[in-house]
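Before any comments, here is the structure.
The values are calculated or read from the model by the stated rules, or taken from the named source; none is laboratory data. Note that the structure is predicted; figures quoted are calculated from it, not measured. Every residue, glycine among them, receives a Cβ derived from its backbone with ideal geometry; neighbour counts consider all protein chains shown.
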Amino acid sequence: MARVLSLVLAGLAAVRVVAGQPALLPHQQLAHDIYKELIEINTNPSHGTTVAAQAMAKRFRDAGFADADIFIGGPRDDKQNVVVRYHPSTSLGAGGSRPKPLLLLAHLDVVEALKTDWSPDLDPFVFTERDGYYYGRGTSDDKAMASIFVANLIRLRREGFTPARDIIIALTADEEGGGSNGAAWLVSNHRDLVDAEFVINEGGGGSLRDGKPFWLAVQATEKVSANFTVTAKNRGGHSSVPRPDNAIYQLSAGLVRLAAFSFPVQLNDVTRAFFAKTASIEAPEMGAAMRAVVANPNDAAAAAIVSKDPRYNSMLRTTCVTTMLQGGHATNALPQTAQATVNCRMLPNVPPSDVRDGIVRALGDPGIEVSNAPAMNPTQPSPLLPAFFEPVEGLTRVLFGNIPVIPIMGTGATDSRSFRRVGIASYGVSGLFSDPDDNRAHGRDERLLIKSYYDGQEFLYRLTKTLSER
């Protein structure tokens, strides 16, 4: 009887529920432990990523990966990247050659987080489980994907999986700061390590409505960020004798005109597909306007309806917004200089010089100077390849139900841009679902749903297997 009772208790322990979640399977526990380790390594700009890169390299060595297949490097000692390669079978594909690799891309760096800015009982660099969420800086951006990729590749090796192509993981530095120490450095200096047919990266993900999966986004292009300095200058004078020609007033008037200015609607293959598919899940008026814009980007009435939503407006056109102001030099002097920073999120195939010309026209004052356009090469969106999208759509139906998979243009910036610039198709897709009204990335009390984390792990595991078998 005691023996039977012991077995029953052991069985109950094996299926115990912790904090409302079922006990973790071995591959989930591995991902959890790696996730926790990464969150608790502070990788904000002042700390760098080297400790995290070395920790992940150790994970791979301990799992049996050869030193020759693990690369750690970067232009700075404190901002190192780690690249790991999983080799395919020795058999060749059609024509006697193997397909190019699949690259799994995530960044190790995070934005700054101060404990004083978070809730008193949360530390941004302590991995905390509470109320069905994992809390910590980087839980959503981007250590969830980094930990999942590491755990999944180790799982595939333990299972003896033999892919038809190499699988590469690149965990990079400096994505958040937009610097050149991470993905851009790898592409420029070690292209052989990261050359691939497809890249899977952040930038996409799933949206929840009433707690249920609603649609899955796949980022296939993204805007390009550039700052312009706008300056008004004046001879100044004593504040006791004011004149209408005031540098601050002049600049302010120009900025008001800029605020009312809109760049023209310009669609590309990705945004055209986005609005066409999103129309089916939007309210009738918005859906009709989206279909009208797709049919005719010059339909001003339809564009005005779509533009009422700031998120949709940012996908219709290049946007520029004033983000910083500086003016005057003394409390008792007329300002000699007033200056503003205008941050632009440019469509990926628009020359920066055209954007500068638009700012000049909007300011409407030849006396206001605008800094030169930065030297940038426009990038083309990644093609909407059936070889990539069909597996994503199939797995989405299996794991999340009959919800739409919609290509999107990211309005922020990711490391995918470094790969698109050299013609490598890059897609932001994760299978991580969240409430779009609870986006805490870069902010206070960053968190990710526990269920979403393990659902995303399974999605990316299956997607990696599917794409690497072809």
For segment 429-466, what are the residues that are more than 20 Å from G410 (Cα to Cα), part of a helix (DSSP H, G or I) and not hydrophobic (A, V, I, L, M, F, W, C)? K451, S452, Y453, Y454, D455, Q457, E458, Y461, R462, T464, K465, T466
When you look at F263, is it buried (at least 17 other Cβ atoms within 10 Å of the Cβ) and part of a loop (DSSP other than H, G, I, E, B), yes or no? yes
Residues being closer than 30 Å to A413 by Cα and polar (S, T, N, Q) - total across segment 329-344: 3
Determine the pairs where a residue that is acidic (D, E), located within segment 369-398, has a partner that is buried (at least 16 other Cβ atoms within 10 Å of the Cβ) with Cβ atoms under 8 Å apart, the partner being 6 or more residues away or on another chain. E369/V230; E369/T231; E369/A232; E369/K233; E393/V405
Out of all the residues in segment 28-63, which are closer than 20 Å to S452 by Cα, in contact with a Ser or Thr (Cβ under 7 Å, 6 or more places away or on another chain) and of a type in the set (A, V, I, L, M)? A31, I34, L38, I39
Out of D142, D121, which single residue is among the acidic types (D, E) and out of contact with any His (no Cβ under 6 Å at 6 or more places or on another chain)? D121
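Table: residues versus (1) assigned by TED's automatic domain parsing to the domain that holds P436; (2) acidic (D, E); (3) loosely packed, with under 14 Cβ neighbours inside 10 Å.
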| position | (1), (2), (3) |
| --- | --- |
| M324 | no, no, yes |
| L334 | no, no, no |
| A340 | no, no, no |
| M346 | no, no, no |
| S353 | no, no, yes |
| P366 | no, no, yes |
| E393 | yes, yes, no |
For segment 169-221, which positions are surrounded by 24 or more Cβ atoms within 10 Å (Cβ to Cβ) and in contact with a Lys or Arg (Cβ under 6 Å, 6 or more places away or on another chain)? A173, D174
Conditions first: (1) among the basic types (K, R); (2) out of contact with any strand residue (DSSP E or B) (no Cβ under 9 Å at 6 or more places or on another chain); (3) surrounded by 16 or more Cβ atoms within 10 Å (Cβ to Cβ). R440 passes all but one, so which condition is the exception? (2)
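Restricting attention to segment 287-311, report how many residues are touching a residue at least 24 places away in the same chain (Cβ under 8 Å), assigned to a helix (DSSP H, G or I) and surrounded by 17 or more Cβ atoms within 10 Å (Cβ to Cβ).
Filtering segment 287-311 for residues touching a residue at least 24 places away in the same chain (Cβ under 8 Å) gives 293-294, 297-298, 303, 306-307, 311.
Filter once more, keeping what is assigned to a helix (DSSP H, G or I): 293-294, 303, 306, 311.
Those still in the list that are surrounded by 17 or more Cβ atoms within 10 Å (Cβ to Cβ) too: 293-294, 303, 306.
Result for segment 287-311: 4.
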Please verify whether T221 is under 30 Å from V398 (Cα atoms) and hydroxyl-bearing (S, T, Y), treating the condition exactly as stated. yes
